[in-house]
Structure formats: structure tokens, C-alpha cells
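Visitor: Take a look at the following structure, please.
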Amino acid sequence: MRLRYALLLLPIVGLACLSARANAEPGRPPNIILFLVDDMGWTDGGVFGSEYYETPNIDAFAKQAMRFTNAYAHPLCSPSRASIMTGQEESRHGILSAHGHVEPEPWGKQVYQPATSQDEYLLTKSRTYLNPDATTLAEAFLGAGYRTAHMGKWHLGLTQEHWPGQHGFEFTFHSAPDTGPPASTYFSPHGIHPDGKPSGDHCVGNIVDGPEGEHIDDRLGTEAIKYITEHQDEPFYLNLWMYDCHGPWEAKLDLIQKFAKKESKPDGHTNPVYGAMLKTMDDNFGRVMTALDQLGIADNTIVVFFSDNGGNVKSMGASEQKRKMANPKSKTYGYTKIYNDFAGLQHPTKNLGLRGGKSDLYEGGERVPLMVRWPEHIPAGSVSDAVVNNIDLYPTLLELTGQPEPDNHIIDGESFAKVLTEGAGGNQRTSVTYFPYHGGGISVRVGDWKLIRRYTRRPDQYEGLVELFNLKDDLGESRNLAAEMPEKVAELGKLIDAHFEKTGGLPPKPNPDFQQRTTATTNPKSPTSGLVAKQCRIDPIEGGIRVVPQGGQPFLGTAQVQFEGPITLHLQARGVDGKSGTGRVQWRTQEQAEFPATGQTVGFDISESTTWQDITVQVPVEGRSALLRLHVPASDGLDIRSISWKSQDEKMVQWDFSTAQ
Ligand SMILES: [Ca+2]
């Protein structure tokens with residue numbers, strides 16, 4: 001249950017306004033700026049503990065604000081942003097993955113996504129845009145007489161009917177698709193089209209190019225200052241959602257060079273490109289705060305500084321850099337070359353002290369920086385260890401500004417206004433994060449305890465399907481206590497079950513068609529170990545590998561499958577770009593000195609589709625196999641998620657690339 005403090009707070013609002021300048025007449029509610037950084041990890045800044053990154057404006061702000069050390073977001077962009085805008089749990093709004101740029105489908109009840117026989121659980125399908133009927137935070141403030149604006153990354157719907165202008169924002173400055181900066185570059189020109197259907201090749205929005213080389217976050221700072229100057233005499237709510245620090249990993253060269261000269265400790269932050277990205281974000285945060293001071297409205301403006309998910313500790317590994325630099329004429333070559341020159345093969349950042357990062361249910365993925373400033377109401381320079389979640393911002397901002405909660409809109413978040421204004425601490429709220437894909441699951445934190453329930457087995461990454469951690473003793477989540485403390489597992493597990501019931505979410509369920517893997521020889525350190533690529537190369541892609549032809553008869557060969565025939569091949573694959581095609585399996589037995597010139601092949605078809613297909617091939621080997629070749633379509637190659645060779649007596653040799661980076 002949420003308590004309302006609106007009546008209690010109104011007199012305080014009045015007092016504050018008397019001390020502000022003439023623009024803020026008594027009783028006028030405070031302005032709101034919701035400054036959201038993309039992918040900022042919990043130690044990404046001086047005040048958050050970095051000895052390398054430079055964030056002087058954020059550090060100065062911390063001295064005037066309340067800083068939270070237990071603030072949670074979803075590990076990916078779109079779900080987090082949807083939770084902020086609606087105050088609802090992910091399992092209620094249904095945006096469970098970073099799908100805010102995916103082709104929208106008609107709204108309906110939550111469903112399961114397509115599964116294969118290798119999937120142990122059926123997983124809830126993620127929605128791709130905000131519920132059109134939700135009352136967003138912007139609509140709540142618009143209804144209360146506020147002027148409203150959204151600037152920067154939205155990532156909550158690809159097409160125009162799902163843009164911020166349709167969700168209560170009177171003024172917008174953005175483009176789509178928007179996983180990252182406009183048209184995937186931080187620097188002007190972006191070439192955004194004013195209309196048409198948004199796609200990767202045709203970005204649509206109202207971002208008009210500035211001078212060549214203008215950094216988009218500098219532009220956001222300029223647009224924000226313009227907006228608050230124009231609206232200084234009326235209450236405004238501004239979403240200032242920065243593009244940094246998300247890929248593409250490009251930044252101002254002079255800043256990169258500056259950081260490259262800086263000393264760093266190997267066990268601390270060391271990435272000059274990321275340092276430069278953070279610095280540009282910090283510069284613009286500082287510009288906007290200075291503008292508030294100069295306009296004399298800082299005292300009457302609530303500023304929230306927040307990140308949408310944990311720091312990225314996975315991107316820009318060797319294979320990704322190789323792929324991005326494969327073609328010197330490609331758009332990715334230039335910035336990757338600079339990244340490699342200055343940052344080498346390191347990942348973007350480190351969430352020092354925490355396990356994992358963006359896209360993980362470990363703390364590194366979901367624990368993020370949060371600060372709130374409201375002079376004379378929130379103790380300056382204070383630190384709170386209260387557990388707060390991104391869904392709490394919605395009711396908190398309404399309560400602080402004395403606005404009622406909207407009718408016909410369910411709010412799952414709990415207001416932490418009292419923590420802010422009265423310094424109340426020790427908030428023991430139950431914080432839940434639901435992200436079922438890519439080896440995720442659902443996590444629940446209560447007090448010092450955290451349970452993660454998984455739906456996919458990833459023995460190279462975590463043990464079993466349940467993990468229990470005591471965050472007080474083990475912030476780095478290194479000791480899974482699930483086996484020793486079954487009662488605690490059951491206690492927190494009940495909260496997860498109750499969570500789905502409360503929110504009306506669709507919980508994952510066991511897949512009736514699941515086929516148990518009997519043996520697995522996949523080497524987790526090198527997922528392609530044991531495979532030989534001939535006349536082709538193997539590139540990693542999300543959730544699999546791409547076999548790229550480089551000659552007449554491309555195939556993946558192996559000597560690791562030595563079974564008495566016949567043998568069954570189970571392949572999870574799809575054509576590159578969804579194209580149809582044919583492949584074939586060829587074999588040589590232990591009695592044969594070489595592959596026969598003809599015969600001993602069996603073909604299979606790949607349907608035209610962009611989704612993974614379950615393909616089964618009966619391979620009529622007579623005798624014991626010595627070498628097997630999996631031929632891929634010679635013109636286009638093949639995307640592969642897993643390869644399983646099975647004998648009649650259920651022996652299996654398998655390669656699973658679904659977790660490969
Ligand atoms: Ca993000």
C-alpha cells in the first residue's frame with residue numbers, strides 16, 4: 001500500500017517557493033528534470049568510486065543531493081525505461097528485453113515466444129512498445145498543468161504511434177530506431193529523415209543536424225537549456241535522456257587522447273574511450289545545472305540523476321572488433337580502429353566490486369547510480385542505503401510535487417519521498433527484476449538476500465537454475481548458498497510466485513517438447529573448439545555463430561563424433577538474413593581412407609525465416625564414423641545456434657553457440 005503525503009508536503013512547497021525568485025509564485029509546484037544516462041555502471045564516476053573517470057559536475061551535484069547506494073534498474077534499456085515511465089513492474093508492462101526498436105505487433109495479452117526442443121522452458125515474449133493505454137509519468141504531469149518535454153534516447157517503440165509525443169510529451173527531440181545515438185553515430189551529420197517508416201537504413205525523427213562534428217549529447221544539452229529558459233516561468237517536466245554511454249563506442253578524439261595520457265591502475269578503470277564518453281555526458285549535465293542556477297530556478301527544480309542499467313562489461317571483445325574492422329569502408333571501421341588504438345581489446349567499463357554487467361541479473365547489471373536533488377527539501381550531500389527500484393520514481397515524483405496518482409493506472413512502485421525528505425532509511429522493499437532471456441531469469445532482493453531463478457542452464461556461467469546470495473557478506477555474488485539454505489530459497493521463491501500473480505505477468509513454464517541433453521562436450525572457453533572451418537570463417541553473432549563462405553564448398557568438419565551409424569543431426573540454424581537455402585552432411589567412416597568421390601551425402605533445407613529453425617537430419621552412416629562435414633549454403637553461409645550429433649544409443653556430441661560472445 002502506498003501512503004500519500006501530498007497534503008503534508010504542500011506547505012513545504014510553498015515555503016520553498018517564497019525563497020525562490022519571482023518566477024516561482026507561492027504554491028507553484030517544482031519543476032522536474034529526469035536526467036537518464038544510458039548504460040552507466042555503478043562506479044562510473046568520481047563520486048561513485050572511480051579513480052580514473054572524470055565527472056566533476058556529477059561529483060559537485062552529489063554534494064547537493066541524496067545519493068543512493070542500493071538503487072536498482074532492469075539490466076537492459078527498454079524494460080527499464082518502460083518501468084520509469086509507467087511505475088509498473090516489467091512483468092506487468094511486458095517489455096522484457098531491449099526491443100523498443102523492433103517492429104511493433106498488435107497489442108494483446110502476453111504470450112510465450114517460439115521455442116525449440118533445446119529450450120527447457122517456454123519464455124514470455126517481450127513486448128516492443130509501451131502500453132498505449134498506460135498513463136505515463138509525462139501524462140500525469142501534463143494533466144497537472146506542467147509543460148512536458150522528452151529529449152534523447154527513447155527506445156520504447158519504433159514507429160510514430162509509439163513515440164513520446166503520443167505519451168504525454170508536448171515537445172520532443174529524438175529519432176528512431178534508437179538503440180544508440182541517432183543513425184548510430186554520436187557526431188553530426190546524422191541524416192535523420194522527417195518522415196517515412198523508421199528502419200536501420202532510414203532513421204526518422206525531428207533531430208536536425210547541427211554543424212559537422214557536433215556531438216549529439218552537446219546538442220541535447222543545448223536543446224535542454226533552450227527549453228528550460230523558455231519555460232522558466234511555468235512548471236515543467238523534462239526527460240533529458242542522454243545517448244552516452246552506449247555503443248557505438250566513439251567519443252571526442254581530444255578527450256580520448258587526454259585520458260590515454262592519464263595514469264590508471266590495472267584493477268581500476270582503464271578505458272580512455274569510455275572515460276571520454278562519460279566526460280562529455282558530465283559536461284552537459286554541468287551545463288544544464290549551471291543554466292538552472294543562472295535562471296534562479298535551481299531551488300525550485302527536482303533533479304533526478306539515474307542510469308537505465310548497469311555498465312557494459314562485455315562489448316568490444318576481440319571477435320567483435322575483428323568483425324567491425326573487417327571492411328575498411330564500413331561505418332563501424334573508423335570508430336573501432338580508434339577504440340582499438342586507444343583502448344585495445346578491453347571492454348567498455350568495469351563495475352568494480354560487482355559481478356557481471358549490462359544484461360546480467362547479477363548486481364553489475366542492475367545496481368546503478370541514482371541521485372535526487374531538491375534544495376531545502378532533500379538533505380544536501382546525504383547518502384541513503386535504502387533499496388529503491390526504477391518503478392519507484394513515478395509515485396515518488398508525484399508525491400514530492402503534491403500530485404495525485406492517476407485514476408485507472410496501476411502503480412507497482414513504492415514512493416521513497418519520505419526517504420528523500422525525512423532521511424528515512426533502511427527501506428526493506430522487495431525489489432524484483434524480470435529478464436528471462438540470454439541465461440537471465442528473475443531476481444528478487446529482500447534485505448541482504450537475493451535469489452535468482454533461471455530458466456536456461458549455462459554451466460559455464462552459473463550452477464543449476466537457482467542462486468542465492470547474501471549481499472551483505474558477499475556483494476560480488478561469488479558464493480551460491482542455494483544448496484545450503486533451501487528454506488531461504490523457498491521463502492524468496494514464494495515472493496517470485498506472488499510477484500507474477502500480483503502483476504498479472506506470464507511466468508515461464510516447462511517446455512513439454514524439451515529434449516534432455518545426454519552428454520555435452522562443448523568447451524565453454526572456446527565454443528567452436530573441435531570444429532574445423534574449411535573454405536569459410538566463423539563469426540560470432542548474437543545467440544549463435546555465422547558461417548561465412550570463403551570458397552567453393554564451405555563446411556564445418558569434426559573428428560569428435562565417432563559413433564556407430566546411423567547418426568542423427570539436430571541443428572538449430574537459420575539462413576543469413578532469413579534466406580532459404582540447402583545444406584548437406586557428408587561423412588567418412590573409420591574403414592574409409594578418404595571421402596568417397598560421390599555419394600555419402602545427405603541434404604537438408606533451410607526455410608526462409610529470420611527465426612531459428614529446428615532441423616533434424618538422419619545420416620545413414622554404415623559402420624563407425626570418423627569424420628563428419630556440415631556443408632553450409634555456398635552463396636550465403638548459415639547462422640547456427642547449436643549442432644548436436646546423436647547416436648542410436650543416445651550418445652551425443654554437441655556444440656551450443658547460443659551463449660557465445
Ligand atoms: Ca541502456
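Visitor: Yes or no: the stretch 71-86 includes at least one residue that is within 29 Å of His347 (Cβ to Cβ), more than 16 Å from the ligand (Cβ to nearest atom) and at pLDDT 95 or above. Before the answer, list the steps.
Guide: From the stretch 71-86, those within 29 Å of His347 (Cβ to Cβ) are 71-84; that's our starting set.
So of that shortlist, the ones also more than 16 Å from the ligand (Cβ to nearest atom) come out as none.
There is no residue in the stretch 71-86 that is within 29 Å of His347 (Cβ to Cβ), more than 16 Å from the ligand (Cβ to nearest atom) and at pLDDT 95 or above.
Visitor: Out of the residues in the stretch 88-111 that are assigned to a loop (DSSP other than H, G, I, E, B), among the small types (Gly, Ala, Ser) and away from the ligand (no atom under 15 Å from the Cβ), which is farthest from Pro164 (Cα to Cα)?
Guide: Of the residues in the stretch 88-111, the ones assigned to a loop (DSSP other than H, G, I, E, B) are 88-89, 94-111.
Next, from what is left, pick out any that are among the small types (Gly, Ala, Ser): 94, 97-98, 100, 108.
This time we only want the ones that are away from the ligand (no atom under 15 Å from the Cβ), so: 94, 108.
On the way: Gly94: 18, Gly108: 21 Å.
So, considering only residues that are assigned to a loop (DSSP other than H, G, I, E, B), among the small types (Gly, Ala, Ser) and away from the ligand (no atom under 15 Å from the Cβ), the one farthest from Pro164 (Cα to Cα) is Gly108.
Visitor: Then there's this: Here is a check on your reading of the model: is Ala62 under 29 Å from Pro272 (Cα atoms), touching a residue at least 60 places away in the same chain (Cβ under 8 Å) and either surrounded by fewer than 24 Cβ atoms within 10 Å (Cβ to Cβ) or aromatic (Phe, Trp, Tyr) (or both)?
Guide: Yes, satisfied.
Visitor: Condition (residue is among the polar types (S, T, N, Q), closer than 30 Å to Phe514 by Cβ and in contact (Cβ under 8 Å) with a residue 24 or more places away in the chain) applied to the stretch 136-144: is it met by at least one residue? So that I can check it myself, show each step before the final result.
Guide: Within the stretch 136-144, the first condition is being among the polar types (S, T, N, Q), and the residues that meet it are 136.
Still in the running and closer than 30 Å to Phe514 by Cβ: none.
Checked the stretch 136-144: no residue is among the polar types (S, T, N, Q), closer than 30 Å to Phe514 by Cβ and in contact (Cβ under 8 Å) with a residue 24 or more places away in the chain.
Visitor: Hey, another quick one. Within the set of pairs 6 or more residues apart or between chains, which connect a residue that is closer than 7 Å to Pro348 by Cα inside the stretch 306-322 to a residue that is near the ligand (Cβ under 9 Å from one of its atoms) and not basic (Lys, Arg) with Cβ atoms less than 7 Å apart?
Guide: Pairs that qualify, where the first residue is closer than 7 Å to Pro348 by Cα and the partner is near the ligand (Cβ under 9 Å from one of its atoms) and not basic (Lys, Arg), are Asn312/Asp39.
Visitor: Of all residues in the stretch 93-134, which are surrounded by 15 or more Cβ atoms within 10 Å (Cβ to Cβ) and aliphatic (A, V, I, L, M)?
Guide: Matches in the stretch 93-134: Ile95, Leu96, Ala98, Val102, Ala115, Leu122, Leu123, Leu130, Ala134.
Visitor: Continuing with this model, one more query. I'm trying to understand the selection: among the residues of the stretch 293-322, which are buried (at least 20 other Cβ atoms within 10 Å of the Cβ), assigned by TED's automatic domain parsing to the domain that holds Asp44, more than 13 Å from the ligand (Cβ to nearest atom) and not hydrophobic (A, V, I, L, M, F, W, C)?
Guide: Within the stretch 293-322, Asn300, Thr301 meet the criteria.
Visitor: Is there any pair linking a residue in the stretch 117-135 that is closer than 17 Å to Leu506 by Cα to one that is among the charged types (D, E, K, R), with Cβ under 6 Å and at least six apart or on different chains, and which?
Guide: Partner pairs satisfying both residue conditions: Leu122/Lys509.
Visitor: Still on this structure, I have one more. Determine whether Trp241 is in contact (Cβ under 8 Å) with a residue 12 or more places away in the chain and touching a Leu at 6+ places or on another chain (Cβ under 6 Å).
Guide: On the way: in contact (Cβ under 8 Å) with a residue 12 or more places away in the chain: yes; touching a Leu at 6+ places or on another chain (Cβ under 6 Å): yes.
When the stated conditions are applied, Trp241 passes them.
Yes/no matrix, rows are residues, columns are (1) within 16 Å of the ligand (Cβ to nearest atom); (2) touching a helix residue (DSSP H, G or I) at 6+ places or on another chain (Cβ under 6 Å); (3) under 21 Å from Leu137 (Cβ atoms):
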| position | (1), (2), (3) |
| --- | --- |
| Gly221 | no, yes, no |
| Lys226 | no, no, no |
| Cys245 | yes, yes, no |
| Trp249 | yes, yes, no |
| Asp254 | no, no, no |
| Phe259 | no, yes, no |
| His269 | no, no, no |
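Visitor: Can you tell me which condition Val621 does not meet? The list is (1) out of contact with any Lys or Arg (no Cβ under 8 Å at 6 or more places or on another chain); (2) in a loop (DSSP other than H, G, I, E, B); (3) under 19 Å from Ala533 (Cβ atoms), and all the others hold.
Guide: Looking at each condition in turn, Val621 falls short on (3).
Visitor: Looking at (1) β-branched (Val, Ile, Thr); (2) modelled with pLDDT of 95 or more; (3) surrounded by fewer than 22 Cβ atoms within 10 Å (Cβ to Cβ), find the lone condition where Thr456 falls short.
Guide: In the conditions (1) β-branched (Val, Ile, Thr); (2) modelled with pLDDT of 95 or more; (3) surrounded by fewer than 22 Cβ atoms within 10 Å (Cβ to Cβ), Thr456 misses (2) alone.
Visitor: Have a look at Lys350, Lys358, Lys418, Lys331 and point out the one that is in contact (Cβ under 8 Å) with a residue 24 or more places away in the chain, within 23 Å of Ser91 (Cβ to Cβ) and of a type in the set (Lys, Arg).
Guide: Within the list Lys350, Lys358, Lys418, Lys331, the selection yields Lys358.
Visitor: For the structure I just gave you, tell me whether Tyr335 is within 16 Å of the ligand (Cβ to nearest atom) and in a helix (DSSP H, G or I).
Guide: Working: within 16 Å of the ligand (Cβ to nearest atom): no; in a helix (DSSP H, G or I): yes.
Answer is no for this residue.
Visitor: Here are the criteria: (1) part of a loop (DSSP other than H, G, I, E, B); (2) more than 23 Å from the chain's Cα centre (by Cα). Tell me which single one Phe61 does not satisfy.
Guide: Failed condition: (1).
Visitor: Examine the stretch 55-65 for a residue that is within 16 Å of the ligand (Cβ to nearest atom) and at pLDDT 95 or above, and state whether such a residue exists. Let's see the steps before the verdict.
Guide: Step one: of the stretch 55-65, the residues within 16 Å of the ligand (Cβ to nearest atom) are none.
Checked the stretch 55-65: no residue is within 16 Å of the ligand (Cβ to nearest atom) and at pLDDT 95 or above.
Visitor: Out of curiosity, is Ala573 modelled with pLDDT of 90 or more, under 27 Å from Arg457 (Cβ atoms), within 28 Å of the chain's Cα centre (by Cα) and of a type in the set (Gly, Ala, Ser)? Spell out how you get there, then give the answer.
Guide: Numbers: modelled with pLDDT of 90 or more: yes; under 27 Å from Arg457 (Cβ atoms): yes; within 28 Å of the chain's Cα centre (by Cα): yes; of a type in the set (Gly, Ala, Ser): yes.
Yes: the conditions hold for Ala573.
Visitor: Being modelled with pLDDT of 95 or more, within 24 Å of Asp283 (Cα to Cα) and within 14 Å of the ligand (Cβ to nearest atom): is that true of Asp38 here? Before the answer, list the steps.
Guide: Details: modelled with pLDDT of 95 or more: yes; within 24 Å of Asp283 (Cα to Cα): yes; within 14 Å of the ligand (Cβ to nearest atom): yes.
Yes.
Visitor: I've got another one for you. Taking the stretch 176-203 only, how many residues are crowded, with 23+ Cβ neighbours inside 10 Å and farther than 19 Å from Glu250 by Cα?
Guide: Here the count works out to 2.
Visitor: Continuing with this model, one more query. I'm trying to understand the selection: among the residues of the stretch 64-86, which are within 12 Å of the chain's Cα centre (by Cα) and part of a loop (DSSP other than H, G, I, E, B)?
Guide: Result: Ala73, His74, Pro75, Leu76.
The values are calculated or read from the model by the stated rules, or taken from the named source; none is laboratory data. Computed from a predicted model, the values in this text were never measured in an experiment. With ideal geometry, Cβ positions are generated from the backbone for all residues, glycine too; neighbour counts draw on all protein chains shown.
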